[in-house]
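The values are calculated or read from the model by the stated rules, or taken from the named source; none is laboratory data. Everything numeric in this text was worked out from a predicted model, so none of it was measured. A quick note on method: Cβ atoms are made from the backbone with ideal geometry, for glycine too, and the neighbour counts reach across all protein chains shown.
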Amino acid sequence: MFCPNCGSAMNLVNLDGQPILHCSHCGASFFEENGINRISVSSAQKLASEEYAVEISGALKKCPRDQETLSPIQDNEAIPSHVTLLSCKKCKGIFVYPDDLLNFKTAQRVKIDFFKLWNKPLPSLRVVMVLSFLAVVSLSLFSSFNNFYRKTATTTQASDLIKNVYFFKSGRYLMVSFATKTQFKSSIIFIDRTENKTTEKVVSSDPKTIHQLTITDVNTGNELTYQIALTDQYGKQTKLEEKKVIVTNQ
């Protein structure tokens with residue numbers, strides 16, 4: 001079987017009990033369905049380090065198993081915005097470049113550590129696909145909020161619509177997490193008092209009740225405050241009052 005990226009022959013390797021097609025030339029890897037969830041960060045580092053030349057082809061990528069066209073997984077909160085995973089619709093396999101593999105596994109580890117820190121149950125990674133990983137874990141995290149939401153009166157105040165805002169940091173990754181009573185689009189505004197600058201990040205581009213974002217370009221060592229902005233189905237925006245960023249480190 002040949003690499004969808006550079007065309008070199010791929011080697012079959014076994015890491016953490018997972019059969020993986022790996023290209024030692026460009027460092028890319030192809031995982032069977034759900035296999036990418038089952039390897040460790042250290043295994044991802046091993047795969048990412050085994051590359052002879054950094055090479056990304058602009059050609060159409062084909063699945064090494066069945067030659068179906070690979071397409072990027074989009075609008076999935078389990079995958080950081082700077083990471084590209086290519087999926088085969090036929091066999092459900094996932095093709096990934098070395099840097100993207102390492103970034104994805106590191107970010108996934110941050111999320112897992114976050115839920116463990118708050119003593120929330122995690123589903124087994126052996127049965128959770130990358131396409132549904134974050135949604136399943138998030139439902140576990142926020143299921144305890146349901147009674148609160150049903151008992152809360154409808155109001156236009158953002159402080160009454162948002163429940164439990166968390167900031168969790170591991171290495172250079174900062175995870176933001178919160179829930180809303182009803183579905184909203186959301187964004188978060190960071191105000192850096194030390195550097196006197198403001199940064200706005202889209203959290204949920206589609207209406208949701210569970211909102212999560214992983215970022216790397218906010219300096220939590222500075223004096224930071226934040227505002228959350230919610231936009232309803234009619235386009236009306238409501239902002240939460242400005243608050244201090246309190247980070248839990250791993």
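Of all residues in region 195-250, which are among the small types (Gly, Ala, Ser) and more than 19 Å from the chain's Cα centre (by Cα)? Within region 195-250, Gly221, Ala229, Gly235 qualify.
Checking each residue in region 192-212 for being out of contact with any Phe, Trp or Tyr (no Cβ under 9 Å at 6 or more places or on another chain) and either closer than 12 Å to Ala179 by Cα or without any contact (Cβ under 8 Å) to a residue 60 or more places away in the chain (or both) picks out Asp192, Arg193, Thr194, Glu195, Asn196, Val202. Between Leu224, Leu213, which is of a type in the set (A, V, I, L, M, F, W, C), surrounded by 13 or more Cβ atoms within 10 Å (Cβ to Cβ) and at pLDDT 90 or above? Just a single option satisfies the conditions, and that option is Leu224.
When region 4-33 is filtered for residues that are farther than 13 Å from Gly93 by Cβ and part of a loop (DSSP other than H, G, I, E, B), the ones remaining, listed by number, are Asn5, Cys6, Gly7, Ser8, Asp16, Gly17, Cys23, Ser24, His25, Cys26, Gly27.
Kindly check whether there is at least one residue in region 55-76 that is in contact with a helix residue (DSSP H, G or I) (Cβ under 6 Å, 6 or more places away or on another chain), under 19 Å from Leu102 (Cβ atoms), not assigned by TED's automatic domain parsing to the domain that holds Val203 and not in a loop (DSSP other than H, G, I, E, B). The answer is no, given that none of the residues of region 55-76 is in contact with a helix residue (DSSP H, G or I) (Cβ under 6 Å, 6 or more places away or on another chain), under 19 Å from Leu102 (Cβ atoms), not assigned by TED's automatic domain parsing to the domain that holds Val203 and not in a loop (DSSP other than H, G, I, E, B).
When Val130, Val137 are screened for being under 30 Å from Cys88 (Cβ atoms), assigned to a loop (DSSP other than H, G, I, E, B) and either at pLDDT 80 or above or β-branched (Val, Ile, Thr) (or both), only Val130 passes.
The conditions of being in a loop (DSSP other than H, G, I, E, B) and within 30 Å of Lys201 (Cα to Cα) are not met by Ile36. With respect to the conditions (1) touching a strand residue (DSSP E or B) at 6+ places or on another chain (Cβ under 8 Å); (2) without any contact (Cβ under 8 Å) to a residue 60 or more places away in the chain; (3) within 30 Å of Ser204 (Cα to Cα), Asn76 falls short on a single one, namely (1). Number of residues in region 17-43 that are closer than 17 Å to Leu70 by Cα and either in contact with a strand residue (DSSP E or B) (Cβ under 6 Å, 6 or more places away or on another chain) or touching a residue at least 40 places away in the same chain (Cβ under 8 Å) (or both) equals 12.
Taking the condition without any contact (Cβ under 8 Å) to a residue 24 or more places away in the chain, farther than 22 Å from Lys105 by Cα and either assigned by TED's automatic domain parsing to the domain that holds Phe168 or surrounded by fewer than 16 Cβ atoms within 10 Å (Cβ to Cβ) (or both), does Gln237 pass? Break it down into steps so the answer makes sense when it comes.
Details: without any contact (Cβ under 8 Å) to a residue 24 or more places away in the chain: yes; farther than 22 Å from Lys105 by Cα: yes; either assigned by TED's automatic domain parsing to the domain that holds Phe168 or surrounded by fewer than 16 Cβ atoms within 10 Å (Cβ to Cβ) (or both): yes.
Yes: the conditions hold for Gln237.
Within region 54-101, the set of residues being buried (at least 20 other Cβ atoms within 10 Å of the Cβ) and of a type in the set (A, V, I, L, M, F, W, C) comprises Cys63, Leu70, Ala78, Ile79, Val83, Leu85, Leu86, Cys88, Ile94, Phe95, Val96, Leu101.
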